[in-house]
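One structure is given here, and the rest of the page talks about it.
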Amino acid sequence: MSARGSHGILPLVARAPAEELQDWLETLNKVLTSGLEVKLLGGLTPEERQAAEVAIVANPDPAELLNLPNLKWVHSLWAGVERLTSELPKDGPAIVRMVDPQMAETMSEAVLAWTLYLHRNMPRYARQQTRKAWLEHTLKLPSERTVTILGLGNLGKTAALRLKANGFNVCGWSRSQKQIDGIETHSGTEGFKTALGKADIAMLLMPLTPDTKGMMDAAALASMPAGASLINFARGPIIDDDALLTALDNGHIDHAVLDVFATEPLHEDHRYWDHPAVTVLPHISAPTIQSTASRIVAGNIAEYMKSGTIPESVDRTRGY
């Protein structure tokens, strides 16, 4: 029986705690079209594995997907798909990433919150508290602070507009040129240097690809103004950790808010934990909201069952 039949079984293939998987199963099955059911891969019969054309995935073990020989596409529950693009064969199933407007709003909220954290000198006041130092610092207007958004996809565009609405001077960069009303935008290699050179705060929101891995290296950090700060809500390997630690040690970069790391959880002995100029966050800037994400998945799968149309999938050559 095909997964597009009237009683299609949709495998959920994920590396996640059992409680989280159960939550996803319940939430997805509440919103799916009648006749469809999500099951964990281990609970599928041989016939159901043979029939499955689409799977719902979150950080899946590629070897497990080999148990679905007729898989045509996978729907990721996450926006980030760099592991899928690197681990699944090039001629494997199409990869559909999570594009949820709520995720963009959640990310833009985090972007604004942690930009304000730096803008209002919170790290400095926290350090002063440990010394019991009562000392006021000059406050700039948001319009006197330039935030450079690196990556102008859906998340970056929404974040840029939210910062602009809150009075910040916003500059954006993307690999290819993009236009956003009221936002100064740059592109390409030279544009990257130009955008970084304007950044009082650099906000990383680009996808992890072979081109962006290690992009924030010593040269990129050196191109930022002395005393600038950095927020990474993208992916850890985009930053050269040794280069960033050097820039933090010598004061060229004033502070770094880091939500993502090359290895997660961050190793207990990593210098970031105790560095006075680093705020460590446990990958919480824009978690997938199960209720809204499940409706996106259900809608995309319903359309596929109706028309056979696979939603827009990842360009495997670009990695996003």
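The values are calculated or read from the model by the stated rules, or taken from the named source; none is laboratory data. Note that this is a predicted model, so its numbers are computed, not measured. Here Cβ is always computed from backbone atoms with ideal geometry, including for glycine, and neighbour counts include all displayed protein chains. Keep in mind that these areas ignore ligands, DNA and RNA; they rest on the heavy atoms of the full protein, side chains included. Shrake-Rupley method; radii C 1.70, N 1.55, O 1.52, S 1.80 Å.
Residues that are touching a helix residue (DSSP H, G or I) at 6+ places or on another chain (Cβ under 7 Å) and not acidic (Asp, Glu) within the range 75-92 comprise 75, 76, 77, 79, 88, listed in sequence order. Kindly provide the set of residues from the range 150-164 that are open to solvent by 80 Å² or more (accessible area, probe 1.4 Å), modelled with pLDDT of 95 or more and touching a helix residue (DSSP H, G or I) at 6+ places or on another chain (Cβ under 9 Å), ordered by number. 157 - this is the single residue of the range 150-164 that is open to solvent by 80 Å² or more (accessible area, probe 1.4 Å), modelled with pLDDT of 95 or more and touching a helix residue (DSSP H, G or I) at 6+ places or on another chain (Cβ under 9 Å). Mind checking whether some residue in the range 126-143 is in contact (Cβ under 8 Å) with a residue 24 or more places away in the chain and open to solvent by 90 Å² or more (accessible area, probe 1.4 Å)? Looking for residues that are in contact (Cβ under 8 Å) with a residue 24 or more places away in the chain and open to solvent by 90 Å² or more (accessible area, probe 1.4 Å), one finds at least one in the range 126-143, hence yes. Take the conditions among the aliphatic types (A, V, I, L, M), closer than 21 Å to residue 119 by Cα and surrounded by fewer than 18 Cβ atoms within 10 Å (Cβ to Cβ) and apply them to residue 226. Does it pass? When the stated conditions are applied, residue 226 passes them. Regarding the range 113-135, can at least one residue be identified that is assigned to a loop (DSSP other than H, G, I, E, B) and modelled with pLDDT under 95? No: zero hits. Pairs are defined by a Cβ separation below 6 Å, a sequence spacing of at least 6 or placement on different chains, a first member in the range 183-206 that is within 19 Å of residue 230 (Cα to Cα), and a second member that is part of a loop (DSSP other than H, G, I, E, B) and open to solvent by 20 Å² or more (accessible area, probe 1.4 Å); the pairs so defined are 185/178; 193/223; 196/223; 197/223; 200/145.
Under 8 Å by Cβ, and 6 or more places apart or on different chains, what pairs join a residue from the range 288-311 that is assigned to a helix (DSSP H, G or I) with one that is of a type in the set (Lys, Arg) and open to solvent by 40 Å² or more (accessible area, probe 1.4 Å)? Listed by first residue and then by second, the contacts come to 294/30; 304/4; 305/4. Quick check: is even one residue across the range 39-49 among the charged types (D, E, K, R), open to solvent by 20 Å² or more (accessible area, probe 1.4 Å), touching a residue at least 24 places away in the same chain (Cβ under 8 Å) and part of a strand (DSSP E or B)? Checking the range 39-49: at least one residue is among the charged types (D, E, K, R), open to solvent by 20 Å² or more (accessible area, probe 1.4 Å), touching a residue at least 24 places away in the same chain (Cβ under 8 Å) and part of a strand (DSSP E or B). The sole residue among 99, 147 that is closer than 30 Å to residue 189 by Cα and either part of a helix (DSSP H, G or I) or at pLDDT below 95 (or both) is 99.
Elements of the type strands (runs of 3 or more DSSP E) sitting completely within the range 153-252 and holding at least 1 residues that are among the polar types (S, T, N, Q) and within 26 Å of residue 275 (Cβ to Cβ): these cover 228-232. Of all residues in the range 160-213, exactly one satisfies the criterion of being polar (S, T, N, Q) and in contact with a His (Cβ under 7 Å, 6 or more places away or on another chain), namely 194.
Scan the range 250-285 for residues that are without any contact (Cβ under 8 Å) to a residue 12 or more places away in the chain and closer than 20 Å to residue 197 by Cα and the total you get is 1.
Residue by residue, here is whether (1) in contact with a strand residue (DSSP E or B) (Cβ under 8 Å, 6 or more places away or on another chain); (2) crowded, with 22+ Cβ neighbours inside 10 Å holds:
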position	(1), (2)
213	no, no
244	yes, yes
254	yes, no
274	no, no
293	no, yes
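Scanning the range 72-91 for residues that are modelled with pLDDT under 95, part of a loop (DSSP other than H, G, I, E, B) and open to solvent by 30 Å² or more (accessible area, probe 1.4 Å) returns 78, 89, 90, 91.
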